[in-house]
Amino acid sequence: VRGLPNDCGQLNECIASAMAMDMALTGPCSQLQPCREWLMMASAPLMLSSRAPQIWNNFANGHTGILSIATLTANLIGSAARIFTTIEDAKKRGLDGPETAPIVIYSLSMAMNLIMALQCVAYRKETAKVLARAAAEAQAAGDKKKQ
């Protein structure tokens, strides 16, 4: 795999092992232990590319549409819990501190979820108007079909 550090071992064997539902870094995947942080950080652009467009659309539209504040709150709490458990896990294992990659990933996720949750709060009045207008249009379209 291009860009993978030289000491990453047998990536193909690990992928085959993961596809066989052996997701732990054991067996063939144990050779990937030196690359663990690199592999985890590789998911950051994917996470950012999935959240940033939604944040921008909310801002550009001035409302959040059907975005669920309950789901965003659950995601926010989940991200905070992952940060806490990562720190606690490092303490239990006697490490000087938590691994950088998971903390960065979970913190980015938490920040993006927080931004979207705050958008839901900030745009709640406009969102209610937009949803009411859409419901009225759908009702009118349904009434026309009946005639």
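The values are calculated or read from the model by the stated rules, or taken from the named source; none is laboratory data. Computed from a predicted structure; not experimentally measured. A quick note on method: Cβ atoms are made from the backbone with ideal geometry, for glycine too, and the neighbour counts reach across all protein chains shown. Only protein heavy atoms, including side chains, enter the accessible area calculation; ligands, DNA and RNA are left aside. Shrake-Rupley method; radii C 1.70, N 1.55, O 1.52, S 1.80 Å.
Scan segment 106-119 for residues that are in contact (Cβ under 8 Å) with a residue 60 or more places away in the chain and within 16 Å of residue 69 (Cβ to Cβ) and jot them down.
Within segment 106-119, 112, 113, 115, 116, 119 qualify.
Residues of segment 41-62 include at least one that is assigned to a loop (DSSP other than H, G, I, E, B), modelled with pLDDT of 85 or more and closer than 30 Å to residue 129 by Cβ.
Among the residues of segment 91-101 satisfying the criterion of being of a type outside the set (D, E, K, R) and in contact with a helix residue (DSSP H, G or I) (Cβ under 9 Å, 6 or more places away or on another chain), which is surrounded by the fewest Cβ atoms within 10 Å (Cβ to Cβ)? Spell out the reasoning first.
Here is the first cut: in segment 91-101, the residues of a type outside the set (D, E, K, R) are 94-95, 97-98, 100-101.
In the following step, the residues that additionally are in contact with a helix residue (DSSP H, G or I) (Cβ under 9 Å, 6 or more places away or on another chain) were identified as 95, 97-98, 100-101.
Values: 95: 11, 97: 9, 98: 18, 100: 11, 101: 18.
Within segment 91-101, the match that is surrounded by the fewest Cβ atoms within 10 Å (Cβ to Cβ) is 97.
Selection of first residues in segment 29-52 that are in the same structural domain as residue 100 (by the TED database) and of second residues that are modelled with pLDDT under 85, restricted to Cβ pairs under 9 Å at least 6 apart or on distinct chains, gives an empty result.
Just name the residue that is nearest to residue 108 (Cα to Cα) out of those in segment 45-81 that are among the β-branched types (Val, Ile, Thr) and open to solvent by 40 Å² or more (accessible area, probe 1.4 Å). Looking at residues that are among the β-branched types (Val, Ile, Thr) and open to solvent by 40 Å² or more (accessible area, probe 1.4 Å), I get 77.
Set side by side, the residues 37, 88, 13 differ, and just one is acidic (Asp, Glu), assigned to a helix (DSSP H, G or I), out of contact with any helix residue (DSSP H, G or I) (no Cβ under 7 Å at 6 or more places or on another chain) and at pLDDT below 90, which is 88.
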